[in-house]
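Some notes on the structure that comes next.
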Amino acid sequence: MPRIGLDLPTLLTAAAEIADREGFEAVTLASLAQKLQIRSPSLYNHIAGLPDLRRHLALRGLATLSAQLEQEVAGCTGDDSIRAFSRTYVAFARTHPGLYEAIQRAPAPDDELLQQAGGRVLDQVYRAMTSYGLEGDAAVHAVRAIRSLLHGFVTLERQGGFGIPLDLDVTFRLMVDTFLAGVKAMRTGEG
């Protein structure tokens, strides 16, 4: 019998808090049950186990990021769109480090729901690339590049890899502007 007031959204909120505070790997059935002050078997009324819980966290993270991107990137085009995407992506990773970690894992090939959720995030940046005239393979390369840049920045920042006391926001803007110069060179055939 499920505990009154305990449902999947409540479980996911508690699990996301653990993930953001202690890291994604700290999310276990035992840590979640302890946080909720229940016994671990009670969780099985709502999830099928740890992989299912982590999948739900990834879905929540992707939905949250997608909603933030839609709000921040709406109405932007060209450079403004890429800058808004980049700022929002990094802000999400800073605010929700555990959920950010959850969304980095590639979904199983048969997990259509997780693939669609990830696709909604990628669609935001693909749409921005069309304003540069990039389509097909060129757009894929550009999207991979911006994701790699942003993930690298987030990872180095989170792990304390930027030890020199210079303003990280300046570094971030320089990185995005350099990427934009490269995208424009791709469009004109210079790159």
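When segment 121-137 is examined, which residues are found to be in a helix (DSSP H, G or I) and either farther than 20 Å from Arg83 by Cβ or touching a His at 6+ places or on another chain (Cβ under 8 Å) (or both)? Residues satisfying the conditions are Gly136, Asp137.
Sub-7 Å Cβ pairs linking a first residue in segment 65-88 that is closer than 22 Å to Tyr100 by Cβ to a second residue that is among the aliphatic types (A, V, I, L, M) and in a loop (DSSP other than H, G, I, E, B), at least 6 apart or interchain, are Leu65/Ile103, ordered by first then second residue.
Is it true that some residue in segment 104-117 is out of contact with any Phe, Trp or Tyr (no Cβ under 7 Å at 6 or more places or on another chain), under 30 Å from Ala185 (Cβ atoms), outside any helix (DSSP H, G or I) and of a type in the set (D, E, K, R)? There is no residue in segment 104-117 that is out of contact with any Phe, Trp or Tyr (no Cβ under 7 Å at 6 or more places or on another chain), under 30 Å from Ala185 (Cβ atoms), outside any helix (DSSP H, G or I) and of a type in the set (D, E, K, R). I'm trying to understand the selection: among the residues of segment 123-157, which are touching a residue at least 24 places away in the same chain (Cβ under 8 Å) and loosely packed, with under 14 Cβ neighbours inside 10 Å? Answer for segment 123-157, where residues must be touching a residue at least 24 places away in the same chain (Cβ under 8 Å) and loosely packed, with under 14 Cβ neighbours inside 10 Å: just Gly133. Of all residues in segment 6-44, those satisfying the criterion of being outside any helix (DSSP H, G or I) and within 17 Å of Gly98 (Cβ to Cβ) are Gly23, Val27, Thr28. Residues that are at pLDDT below 95, over 21 Å from Gly23 (Cβ atoms), among the hydrophobic types (A, V, I, L, M, F, W, C) and surrounded by fewer than 14 Cβ atoms within 10 Å (Cβ to Cβ) within segment 77-121 comprise just one, Ala108. Based on what the data block shows, is Ala185 exposed (fewer than 15 other Cβ atoms within 10 Å of the Cβ) and either among the small types (Gly, Ala, Ser) or modelled with pLDDT of 95 or more (or both)? It is true that Ala185 is exposed (fewer than 15 other Cβ atoms within 10 Å of the Cβ) and either among the small types (Gly, Ala, Ser) or modelled with pLDDT of 95 or more (or both).
The values are calculated or read from the model by the stated rules, or taken from the named source; none is laboratory data. Owing to the predicted nature of the structure, the values given are computational and were not obtained by experimental measurement. Note that each Cβ is placed from the backbone with ideal geometry, even for glycine, and that neighbours are counted across all protein chains shown.
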